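Student: Pasting in a structure now, in structure tokens, and then I'll have a few things to ask.
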Amino acid sequence: MNKPLYRLTRDYAGVQVKRGNSKKVYVLDDEAEEPLVLVKANTLLVELDEEKVLTPGKETVKPMGRFYATAETIDPYHLVLDVLDFDAVSYVGTH
């Protein structure tokens with residue numbers, strides 16, 4: 001099934017994660033040199049619906065807004081954003 005695809009409308013903070021054993025799980029990358037990064041405007045994103053974001057200790061992280069992950073990346077690494085201002089993303093189609 002295709003997922004809605006979004007474009008980031010401005011620079012936004014994100015964290016580096018790695019895919020877990022399941023495609024439905026992202027784990028915060030505790031080995032990243034710089035886990036907190038600035039994600040550039042125009043980056044393509046997918047909204048995380050059923051997917052979970054976990055700490056390295058496997059505790060679930062709850063979003064303050066909505067979680068989005070980078071659509072174009074090198075697996076298993078992704079960037080996850082907790083978007084509070086929904087003007088920061090715009091719908092562009094399906095992925």
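Student: Being touching a residue at least 12 places away in the same chain (Cβ under 8 Å) and surrounded by 12 or more Cβ atoms within 10 Å (Cβ to Cβ) is the requirement here; does Asp87 meet it?
Tutor: Working: touching a residue at least 12 places away in the same chain (Cβ under 8 Å): yes; surrounded by 12 or more Cβ atoms within 10 Å (Cβ to Cβ): no.
No.
Student: Please report, ordered by residue number, the strands (runs of 3 or more DSSP E) entirely within segment 1-83 with at least 2 residues that are of a type in the set (Lys, Arg) and at pLDDT below 95.
Tutor: Of the strands (runs of 3 or more DSSP E) lying wholly inside segment 1-83, those with at least 2 residues that are of a type in the set (Lys, Arg) and at pLDDT below 95 span 12-19.
Student: Tell me yes or no: at least one residue of segment 30-49 is over 20 Å from Arg7 (Cα atoms), surrounded by 13 or more Cβ atoms within 10 Å (Cβ to Cβ) and more than 13 Å from the chain's Cα centre (by Cα).
Tutor: Yes, there is a match, as at least one residue in segment 30-49 is over 20 Å from Arg7 (Cα atoms), surrounded by 13 or more Cβ atoms within 10 Å (Cβ to Cβ) and more than 13 Å from the chain's Cα centre (by Cα).
Student: Something else about it: Got a sec? Which of Tyr77, Tyr26, Tyr12, Tyr6 is aromatic (Phe, Trp, Tyr) and touching a helix residue (DSSP H, G or I) at 6+ places or on another chain (Cβ under 7 Å)?
Tutor: When all the criteria are applied, what remains is Tyr12.
The values are calculated or read from the model by the stated rules, or taken from the named source; none is laboratory data. Treat the numbers as computed from the prediction; the structure is a model and nothing was measured. Note that we place each Cβ from the backbone using ideal geometry, even for glycine, and neighbour counts take in every protein chain shown.
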